[in-house]
Amino acid sequence: MNAPNPQGLWHARAADLLARGIDGRMLIDGHRYNATDGDLFDCVSPIDGRVIARVARGKQADIDRAVQSARAAFADRRWAGMPPAARKKVLVAFAERIRAARDELALLETLDMGKPIKNALSADVPAAARCIQWYGEAVDKIYDEVAPTPDSALALITRQPVGVVGAIVPWNYPMLMASWKLGPALAAGNSVVLKPSEKSPLSALRLAELALEAGLPEGVFNVVPGFGHEAGEALALHMDVDAIGFTGSTRIGRRMLDYSSRSNLKRVYNELGGKSANVVFADFDDLDRAAATAIGSMFYNQGESCNAPSRLLVQEDIADAFVKRLAELTPPYAPADPLDPGTALGALVDETQTKTVMGYIQAGIDEGAHCVAGGCRALESSGGQYVAPTVFDGVRNDMRIAREEIFGPVLSVIRFKTEAEAVAIANDSAYGLHAGVWSSNLDRAVRVSRALHAGTVHVNQYDEDDITVPFGGVKQSGNGRDKSLHAFDKYTELKTTWMRIG
Ligand code: NAD
């Protein structure tokens, strides 16, 4: 295995960045500030356990200040009142700044949460830029409606920005999840207060600086780093926040609804966890590709993806050979130095997550599943957080490793006999984010994709993704939809204006 190599290019760049120092102050009303009470927290890199920055620990007073700034910016219409074409120009410029800062943003992301630099460079940064640009370009192309009323009246149905949006995001794709909120929220004319995860606050702060440089007026986009039970709770309970765009765990999503009911009934849009079923039928004509995709999609981002296909349902007839192939395909994903451009699987976000994942691996063994690959920590002498990609065979859908979201590189293989059984197992989950079906029988592929209860179903692939399509779940995977024009539904209110015509 590839241990961290301090001689590599990206290590040199990281050393340079750290020598210059990372500014961990919050960004409110266009300016950097320490937390009101001066409190800080350590930002620890899971690559090697080093403290890479000290970050302002925002709390109630800081959230109050950020919300006030966002409200003032919304009230005087410095952003919402700009002509749509002018807002478009700023957002497109923002996207260009993100692209220009690609190396720095990718490095921040990798240092902060351990994903391979290769993926941060080729996926996270370009996808964040594309997202902001796509919504920016939509601003001056969306029309409102005129209702089909009698001639004696005119009824306009217009979309109004909701006002102040609180965005609370997780650490697995820190910049991208923030962009999925920022793109439509800003494009619609709202002001935003973003609370990044305490485990990955750095790229959000840099994003806010880039937005300012691109011409976004001060106060429109504020970032308050801090902990969930402090800054996050203060934001979600705030009486002057109109909507919360939340991405995170189902456990905390539940609290968002509670905070809303205890405060001002703000709109809550939850994008939550998953335990996605990926169903492989024996009739699929390229089982090698199905196996490679099952592994690649599962271990991408260390398995820390909400839509990871973590329950792999394999038809009994092919299961022995298929599982053997999975085990053969796993070693290239052995954890390695995230700053090495050849690395496919990096570090887990922190020690807590490593313990959680190792706890689930132990639970799988205790409940009788058969570990055919991985099952252990790796690279321990690095001081970082590495777990070998793990495949369990012989999993039953009532085991914890099949029911609970692990959020790490652990794949559970469940065998099934018939199509009906596969659909029943796939749908027997509290979650409903993504699902996959592999079959060369068109009727079956369509039948099963219709029957799978999930926000997105993949047929004979699992990787397709684009900003043009909605992303979100059913059941306890949440209610909102990020991406596509449908995301505007979350950040706008429909307003009806009746006029009497003489
Ligand atoms: P988390 O729920 O622990 O935290 C998410 C955010 O909420 C963080 O910013 C955190 O600080 C904040 N938070 C935590 N407790 C809070 C509280 N009491 N009040 C207010 N805010 C609070 O989730 P996580 O561990 O950061 O992220 C992993 C989860 O995110 C997984 O469940 C994953 O499936 C989910 N996720 C979902 C999607 C999606 O689009 N559906 C995308 C990415 C991640």
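Expressed as a whole percent, the accessible surface of the chain that belongs to carbon and sulfur atoms is 52, based on a 1.4 Å probe. Summing charges over neighbours of ASP350, with a neighbour being any other residue whose Cβ is under 12 Å away from its Cβ, gives -3 when K and R count +1 and D and E count -1. Report the percentage of all Cα-Cα pairs in region 230-274 whose separation exceeds 17 Å, rounded to a whole percent. Cα-Cα pairs of region 230-274 separated by over 17 Å account for 19 percent.
Considering helices alone, the calculated mean residue ellipticity of the chain at 222 nm is -11500 deg cm²/dmol, with DSSP H runs of length four and up weighted by -39500 (n - 2.57) and normalised per residue.
For the full complex of protein chains and a 1.4 angstrom probe, list ARG267, ARG311 by accessible area with the highest value first.
Working: ARG267 100, ARG311 0 Å².
Ranked list, largest accessible area first: ARG267, ARG311.
Here, region 428-502 has an Rg and a Dmax of 17.6, 64 Å when only alpha carbons are counted. Rounded to whole Å, the principal axis extents of the Cα atoms in region 392-465 read 33, 30, 20, largest first. In this rough spin-label picture, where each label sits 7 Å from Cα along the Cβ direction, the ARG403-ASP140 distance is 5.5 nm.
What ratio of Cα Rg to 2.2 N^0.38 Å holds for region 76-152? Mind dumping the intermediate values first?
Numbers: Rg = 18.2 Å, N = 77, 2.2 N^0.38 = 11.5 Å.
Here the Cα radius of gyration is 1.59 times the empirical estimate.
Coupling constants for region 277-284 follow from the phi torsions by the Karplus curve (6.51 cos²θ - 1.76 cosθ + 1.60, θ = phi - 60°), and in residue order they are 8, 10, 9, 10, 8, 4, 7, 6 Hz; glycine and proline get x. Accessible area per residue was computed with a 1.4 Å probe on protein heavy atoms; LEU202 scores about 10 Å².
Could you quote the convex hull projected area for region 10-95, Cα atoms only and averaged over all directions, in nm²?
Numbers: hull surface 31.1 nm².
Projected area, direction-averaged: 7.8 nm².
Amide H contacts for PHE416 (H built 1.01 Å from N in the peptide plane; partners 5 or more residues away or on another chain; cut-off under 5 Å): VAL314, GLN315, GLU316.
For region 36-78, the Cα gyration tensor yields ellipsoid semi-axes of 32, 13, 6 Å (square root of five times each eigenvalue, largest first, whole Å). The angle between the Cα long axis of helix 84-100 and the main principal axis of the chain comes to about 40°, on a 0 to 90 degree scale.
Karplus-based coupling profile of region 441-452, in residue order and whole Hz: 8, 4, 4, 5, 4, 6, 4, 5, 5, 5, 7, 6, with θ = phi - 60° in 6.51 cos²θ - 1.76 cosθ + 1.60 and x standing for Gly or Pro. Structure note, pairs LYS275/LYS355; LYS266/LYS495; LYS59/LYS199; LYS195/LYS475: Cα-Cα distances above 22 angstrom occur for LYS195/LYS475.
So if the hydrodynamic radius of region 118-174 is defined as the Kirkwood radius over C-alpha pairs, what does Stokes-Einstein give as its diffusion coefficient at 10 °C and 1.306 mPa s, in µm² per second? Result for D is 103 µm²/s. Stokes-Einstein, applied to the Kirkwood radius of the chain over Cα pairs at a viscosity of 1.002 mPa s and 20 °C, places its translational diffusion at 91 µm² s⁻¹.
For a paramagnetic label modelled on LEU40 (point 7 Å from Cα along Cα→Cβ), amide N atoms under 16 Å away belong, within region 193-214, to 201-202. Normalised by 2.2 N^0.38 Å, where N counts its residues, the alpha-carbon radius of gyration of region 153-212 equals 1.37. With the convex hull constructed from alpha-carbon coordinates only, region 1-145 shows a mean projected area of 11.5 nm² over all directions.
Taking the Cβ of ARG50 as the centre, find all other residues whose Cβ is under 12 Å away and add up their charges (Lys, Arg: +1; Asp, Glu: -1). Write out the running numbers ahead of the final one.
On the way: positive: none; negative: ASP42, ASP48, ASP112.
Overall, the nearby charge balance is -3.
Before I look further, what does the chain give for accessible area per residue, probe 1.4 Å, in whole square angstrom?
On the way: 19350 Å² over 502 residues.
Computed with neighbouring chains in place, this is 39 Å² per residue.
Shown in residue order for region 420-430 are the 3J(HN,Hα) couplings computed by the Karplus curve 6.51 cos²θ - 1.76 cosθ + 1.60 at θ = phi - 60°: 4, 5, 4, 5, 5, 5, 4, 7, 7, 7, 6 Hz (x for Gly and Pro).
What does the charge count around ASP482 come to, taking other residues whose C-beta lies under 10 Å from its C-beta (Lys +1, Arg +1, Asp -1, Glu -1)? If you can, show how the numbers build up before the last one.
Values: positive: LYS181, ARG481, LYS483, LYS490; negative: GLU271.
Summing Lys and Arg as +1 and Asp and Glu as -1 gives +3.
The values are calculated or read from the model by the stated rules, or taken from the named source; none is laboratory data. Owing to the predicted nature of the structure, the values given are computational and were not obtained by experimental measurement. Note that each Cβ is placed from the backbone with ideal geometry, even for glycine, and that neighbours are counted across all protein chains shown. Accessible surface areas use protein heavy atoms only, side chains included; no ligands, DNA or RNA. Shrake-Rupley method; radii C 1.70, N 1.55, O 1.52, S 1.80 Å.
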